[in-house]
1. Any residue in the stretch 201-219 that is touching a residue at least 60 places away in the same chain (Cβ under 8 Å), open to solvent by 50 Å² or more (accessible area, probe 1.4 Å) and touching a Pro at 6+ places or on another chain (Cβ under 9 Å)?
2. If you check S71 against the conditions, is it more than 30 Å from N159 (Cβ to Cβ), crowded, with 17+ Cβ neighbours inside 10 Å, free of Cβ contacts under 8 Å to residues at least 60 places away in the same chain and polar (S, T, N, Q)?
3. Among the residues of the stretch 139-146, are any open to solvent by less than 10 Å² (accessible area, probe 1.4 Å), among the small types (G, A, S) and within 20 Å of A269 (Cα to Cα)?
4. Going by the structure shown, is Y272 assigned to a helix (DSSP H, G or I) and among the aromatic types (F, W, Y)?
5. State whether one or more residues within the stretch 166-184 are part of a loop (DSSP other than H, G, I, E, B), polar (S, T, N, Q) and open to solvent by less than 20 Å² (accessible area, probe 1.4 Å).
6. Among the residues of the stretch 113-120, are any in contact with a Lys or Arg (Cβ under 6 Å, 6 or more places away or on another chain), crowded, with 16+ Cβ neighbours inside 10 Å, at pLDDT 95 or above and within 26 Å of P286 (Cβ to Cβ)?
7. So how many residues does the stretch 302-324 have that are under 22 Å from I276 (Cβ atoms), open to solvent by 10 Å² or more (accessible area, probe 1.4 Å) and in contact (Cβ under 8 Å) with a residue 24 or more places away in the chain?
Amino acid sequence: MLRNPEQFSVEQTSEAFPTIRPRRLRQHPLLRELVRETSLNVTDLIFPLFVRPGRDVKKEIASMPGNFQLSVDRLADEVGSAVDLGVKSFILFGIPTSKDATGSSALEEDGIVQLALRALRETFKDAVLLITDECFCEYTDHGHCGVMSTVRGRQDLDNDATLPLLAEQCLSHARAGADVVAPSGMLDGMVRTIRAALDGAGFEWLPIMSYAAKYASGFYGPFRDAAESPPQFGDRNTYQMDPANSAEALREVALDLQEGADIVMVKPALAYLDIIRLVKDRFAVPLAAYNVSGEFAMVKAAAQRGWIDERRVALEILTGIKRAGADMILTYFAKDAARWLK
């Protein structure tokens, strides 16, 4: 039985040589597989998809090579190709026809995500898991994650005014066929409000994946191109977390779990592996991590210049996220990783 590495002192280790040689277990590739501590599987991956109005639209996102804005009629092709590779979980982001100050198009029964859900459910039945991102930044003309109001002389997100709209958005997605709703706005009380609305409408079985520890990160740039959702003024620092904080993440996660979250998420992943590990060790609940657009784009850009081996680096990053404690990973590498893992 292997002992805890902390049980070995420097003196014990030096005296044990050459009896103890860790390299023995690295000499054969099959032996390395047998002793591998972390396994990355295609079933760990969740593929983000961007849905937009129109017909026969498949527009590559310049800053995210291999990822596309898709019209509903082209969405099934993309999902089908991922399913053929073994990817079966997807999270949907919508780009609406029109935007306004409250993001009202997010609540429409024939909204872009609602249409996408119905189309995918009809095509794939229960063969895929459909998660919907629950936020308003894509739907508001100001690019913030809900209703705005004046706070201390400046425009800021009105937390409590946004909550009932968020609950309504989740209900609309539930009725359209979502398997999981994933609120991402980092609003205080969002999980409790959504849980009450879902339970009251007969969706008590529908899980909530909460973006419980979402940081105000510089790694989101390409996503804002993909979702067409950059803030038109200010920033999101009053509702997303300070990258310098870790204890705050544990508090946020604890609150969301108390309010009824079934899965919690850390976002981004790569610069926050310590947060993933802290959350997993403290709570031991299903944990997602979002390998975000900037993390993806950096690897792609460096690989295109021949500076790194894309496959090796991408799989190393995904394995590191899994090793840190994530049970599932949202990643734009999903299809590529599925091919590589085969």
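1. yes
2. Numbers: more than 30 Å from N159 (Cβ to Cβ): yes; crowded, with 17+ Cβ neighbours inside 10 Å: yes; free of Cβ contacts under 8 Å to residues at least 60 places away in the same chain: yes; polar (S, T, N, Q): yes.
Taking the combined requirement at face value, the residue satisfies it.
3. no
4. Details: assigned to a helix (DSSP H, G or I): yes; among the aromatic types (F, W, Y): yes.
In short, yes.
5. Kept after step one, since they are part of a loop (DSSP other than H, G, I, E, B), are these residues of the stretch 166-184: 177-179, 184.
Add one more test, that the residue is polar (S, T, N, Q), and what stays is 184.
Restricting the remaining residues to those that are open to solvent by less than 20 Å² (accessible area, probe 1.4 Å) gives 184.
Yes, the conditions are met somewhere in the stretch 166-184.
6. At the first step, the residues of the stretch 113-120 found to be in contact with a Lys or Arg (Cβ under 6 Å, 6 or more places away or on another chain) are none.
Scanning the stretch 113-120 turns up no residue that is in contact with a Lys or Arg (Cβ under 6 Å, 6 or more places away or on another chain), crowded, with 16+ Cβ neighbours inside 10 Å, at pLDDT 95 or above and within 26 Å of P286 (Cβ to Cβ).
7. Filtering the stretch 302-324 for residues under 22 Å from I276 (Cβ atoms) gives 312-324.
Okay, now just the ones that are also open to solvent by 10 Å² or more (accessible area, probe 1.4 Å), so 312-313, 315-317, 319, 322-324.
Checking the rest, the ones that are also in contact (Cβ under 8 Å) with a residue 24 or more places away in the chain come to 315, 317, 319, 322-324.
Residues that pass the stated criteria total 6.
The values are calculated or read from the model by the stated rules, or taken from the named source; none is laboratory data. If you're wondering where the values come from, they're calculated on a predicted model, not measured in any experiment. FYI the Cβ positions are ideal-geometry reconstructions off the backbone, even for glycines, and counts take in every protein chain you see. Heavy atoms of the whole protein, side chains included, go into the accessibility calculation; ligands, DNA and RNA do not. Shrake-Rupley method; radii C 1.70, N 1.55, O 1.52, S 1.80 Å.
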